[in-house]
Structure formats: C-alpha cells, structure tokens
1. Which of the residues that make up the stretch 7-37 are part of a helix (DSSP H, G or I), open to solvent by 60 Å² or more (accessible area, probe 1.4 Å) and within 25 Å of Val183 (Cα to Cα)?
2. Within the stretch 44-53, is there a residue that is open to solvent by less than 60 Å² (accessible area, probe 1.4 Å), free of Cβ contacts under 8 Å to residues at least 60 places away in the same chain, in contact with a helix residue (DSSP H, G or I) (Cβ under 6 Å, 6 or more places away or on another chain) and among the hydrophobic types (A, V, I, L, M, F, W, C)?
3. May I ask you to verify whether Lys159 is open to solvent by 30 Å² or more (accessible area, probe 1.4 Å) and outside any helix (DSSP H, G or I)?
4. Scan (1) surrounded by 12 or more Cβ atoms within 10 Å (Cβ to Cβ); (2) at pLDDT 70 or above; (3) not charged (D, E, K, R) for the single condition Ala73 breaks and write down its number.
5. Let me confirm something: among Ala223, Ala274, Ala306, which residue is within 30 Å of Val11 (Cα to Cα), in a helix (DSSP H, G or I), without any contact (Cβ under 8 Å) to a residue 60 or more places away in the chain and among the aliphatic types (A, V, I, L, M)?
6. On the basis of being in contact (Cβ under 8 Å) with a residue 12 or more places away in the chain, touching an Asp or Glu at 6+ places or on another chain (Cβ under 7 Å) and open to solvent by 70 Å² or more (accessible area, probe 1.4 Å), does Pro280 make the cut?
7. Out of the residues in the stretch 175-210 meeting the condition of being of a type in the set (S, T, N, Q), within 19 Å of Thr150 (Cα to Cα) and touching a helix residue (DSSP H, G or I) at 6+ places or on another chain (Cβ under 9 Å), tell me which one is least open to solvent (accessible area, probe 1.4 Å).
Amino acid sequence: MKCENARDCLVLLNYGELPDELAGGLEQHLTECEGCRAELEAIRLFEDRLALLPVLEPTPNLLAQSRMRLDDALDMIPPHGFLTQLRVNFYRWCGHVQSAPALATLLLGVGFLAGNFTLRYQVAHAPKPPGVVTTEEPGVIGNVTGIVQTPNSELVQVKYNRVVPETMEGSLDSPEIRNLLMVGTNAAATDGVRKDSVSLLVNECKAEHGCQPSPDGKGIRHALMVSLRYDQDAGVRLTALEGLQRYVGQDQHVRDAVLEAVMHDPDAGIRKTAIGLLQPVQSDSSVRQVLRTVSTQDANPYIRTASYNALQNFADIQ
C-alpha cells in the first residue's frame with residue numbers, strides 16, 4: 001500500500017469505519033512507514049484535544065430570533081411558481097410546529113415512546129456477557145457519574161449517563177468496565193470520577209492487567225497518557241504518571257509523554273517525579289537533551305538542580 005492510499009484510510013481507521021479488506025494492508029504499511037505512523041498519531045492527538053473542549057449549545061433566545069428571521073425572509077420571497085410556493089409553505093409549516101409547544105411536545109413524545117419500546121425489546125433479547133451485571137446495554141455513553149469499588153475485591157460499580165442514569169457492575173477485568181473507566185477519565189471537573197477512574201486504571205497497569213499498547217490508540221495506556229498531558233488536576237496527572245512508570249523504558253510514546261511533563265507540566269512536583277522516572281533511559285539522546293534544557297532553563301531552581309544531578313549520575317555510571 002502506498003502512502004497516499006494509506007493516509008486516505010487513516011481517518012476511516014480512527015473512526016472505526018475502515019473495511020476489513022483494507023485493514024491488513026494498512027497495518028503492514030504502518031509498521032514500515034514512520035511518516036504514516038506520525039500522521040495517525042497526529043490525528044488521534046487532535047481528537048483527544050477536541051474531546052476536552054466544551055460543547056456549546058445555542059440559547060433559546062438565539063433559536064427564537066433565528067426562526068423569526070427565517071419566517072420573515074421566507075415571506076419576502078416572491079412566488080415564482082408552484083414548486084417555490086410549495087417549499088415556502090413547507091418551511092412555514094415547520095415554523096408553526098416549532099412555535100406550538102403542545103404539538104411539538106406531542107410529536108416528540110410519540111417518537112420517544114416508539115424508540116423506547118424498540119430499545120427495550122432489543123435489550124431484553126440481547127445476550128449479555130458472562131460475569132457482568134448491568135441494568136441495560138451501555139449504548140452511547142454520555143458521561144460517567146460515579147465509581148464504587150467493593151473493598152478487597154476486583155468488583156467495581158460504575159454509574160454513567162446515556163438518556164437516563166444507568167449502572168453497570170462487573171470485574172475490573174471486564175472490557176465493558178474498562179471502557180467505562182476510560183470514559184470516566186474525561187468526566188467533569190466538579191466530581192471525583194476522573195480521579196477514581198485514573199486510579200483504578202493505574203492499579204490495572206501495576207498488576208499487568210490489560211495495559212498493553214493498543215493498535216487503535218484507545219487502550220488503558222493511551223488513556224493514562226492523555227490524562228498526563230491534558231488533565232487540569234495535578235493529582236490526576238501524578239497518578240497517571242505513576243501508572244506509566246513501568247513502560248518508560250519499553251514504549252517510546254510513553255517516554256515522549258513523560259518528557260513533555262518534564263518540560264511543560266505546571267506542577268513542580270510532577271516535573272521532579274518525571275525526572276526520576278527517566279533514570280533507566282538516560283542513554284537516550286532525547287532524554288539527555290531534555291535534561292540539559294531543563295537544568296539551564298527551568299524557572300524552578302529545585303528542578304534545575306534535579307535535572308543537573310540526573311545528568312551527573314549518568315556521567316558517573318558511564
């Protein structure tokens with residue numbers, strides 16, 4: 001597969017829409033082409049940053065004013081024939097429906113009830129995975145609202161929102177529970193869900209349970225790197241850093257994330273911890289370059305000293 005064709009397939013791969021007949025060729029090409037791997041990493045990084053941005057909803061006043069302007073504009077269009085008049089009448093009817101709360105509520109209610117009955121029928125007849133107890137199938141998950149772990153066990157209860165709040169209970173080894181925990185790393189800053197999610201994922205990595213690198217960039221290790229780079233809570237970032245510690249020497253992506261923390265994390269304690277994690281890989285030229293830069297340019301004298309000492313220790317070992 002050529003690079004031009006491979007890059008056309010990267011977006012499809014990122015959204016899980018790549019046909020099976022193209023997946024094998026693309027995977028082989030990515031193992032051989034560093035440029036395409038960098039392109040895929042850039043796409044995933046862009047998606048991760050977009051996921052952190054708030055979704056703004058239009059205000060009711062803006063919607064009402066827009067509908068009024070649309071009605072006025074449609075009224076100003078002179079009739080040019082039967083089809084034009086038909087189109088104008090159709091848009092006018094839509095405006096009347098939107099401005100009639102009772103009729104709109106009735107139509108929405110009928111549609112919601114029909115969809116709800118269909119969904120309940122599908123859920124009732126769908127097979128459920130062994131070892132997992134759930135109120136309903138997860139479907140599209142809006143956000144995670146709570147996490148409770150049974151003391152001294154692998155049992156975790158995760159509460160999450162779809163259309164209404166729902167709960168799933170199962171082992172930490174369950175893929176469904178792990179997926180919910182990874183969703184929980186992006187929860188709102190007003191609760192402790194992010195902290196609990198990252199902490200449980202870190203414990204899984206420390207126990208070597210399902211923390212292998214994921215080809216699609218959506219595994220536990222990737223979620224911890226995203227938290228280390230972008231989470232606003234220093235405690236969450238520090239916990240994610242601890243979970244990535246064992247992979248600094250074997251995973252270049254993890255090493256790059258730790259180097260970014262050394263140079264750019266606003267918390268001095270995290271920068272100091274990240275410097276300590278780099279000791280096993282100080283033979284890496286990029287690691288030495290970052291330590292030299294930090295030892296001379298970091299605003300915190302304690303961090304400058306720690307970086308300088310790390311370089312001196314490496315020189316003594318050599």
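1. Within the stretch 7-37, the first condition is being part of a helix (DSSP H, G or I), and the residues that meet it are 7-14, 20-32, 34-37.
With open to solvent by 60 Å² or more (accessible area, probe 1.4 Å) added as a condition, the list becomes 7-8, 11-12, 20-22, 27-28, 31-32, 34, 37.
If the condition is that a residue be part of a helix (DSSP H, G or I), open to solvent by 60 Å² or more (accessible area, probe 1.4 Å) and within 25 Å of Val183 (Cα to Cα), then Val11, Leu12, Arg37 are the ones that fit.
2. Keep residues of the stretch 44-53 that are open to solvent by less than 60 Å² (accessible area, probe 1.4 Å), which gives 44-45, 47-48.
Narrowing further to those that are free of Cβ contacts under 8 Å to residues at least 60 places away in the same chain: 45, 47.
Now drop any that are not in contact with a helix residue (DSSP H, G or I) (Cβ under 6 Å, 6 or more places away or on another chain), which leaves none.
No, every residue in the stretch 44-53 fails to be open to solvent by less than 60 Å² (accessible area, probe 1.4 Å), free of Cβ contacts under 8 Å to residues at least 60 places away in the same chain, in contact with a helix residue (DSSP H, G or I) (Cβ under 6 Å, 6 or more places away or on another chain) and among the hydrophobic types (A, V, I, L, M, F, W, C).
3. yes
4. (1)
5. Ala223
6. Values: in contact (Cβ under 8 Å) with a residue 12 or more places away in the chain: yes; touching an Asp or Glu at 6+ places or on another chain (Cβ under 7 Å): no; open to solvent by 70 Å² or more (accessible area, probe 1.4 Å): yes.
Criteria not met by Pro280.
7. Residues of the stretch 175-210 of a type in the set (S, T, N, Q): 179, 185-186, 190, 197, 199, 203.
Okay, now just the ones that are also within 19 Å of Thr150 (Cα to Cα), so 179, 197, 199, 203.
Next, only the ones that are touching a helix residue (DSSP H, G or I) at 6+ places or on another chain (Cβ under 9 Å) stay: 197, 199, 203.
Numbers: Ser197: 0, Ser199: 46, Asn203: 73 Å².
Going through the qualifying residues, I end up with Ser197.
The values are calculated or read from the model by the stated rules, or taken from the named source; none is laboratory data. Computed from a prediction, not measured in an experiment: that's the story for all the values here. Positions of Cβ are backbone-derived with ideal geometry, glycine not excepted, and every protein chain shown enters the neighbour counts. The protein model used for the area step is the full one, side chains on, heavy atoms only, and it has no ligands, DNA or RNA in it. Shrake-Rupley method; radii C 1.70, N 1.55, O 1.52, S 1.80 Å.
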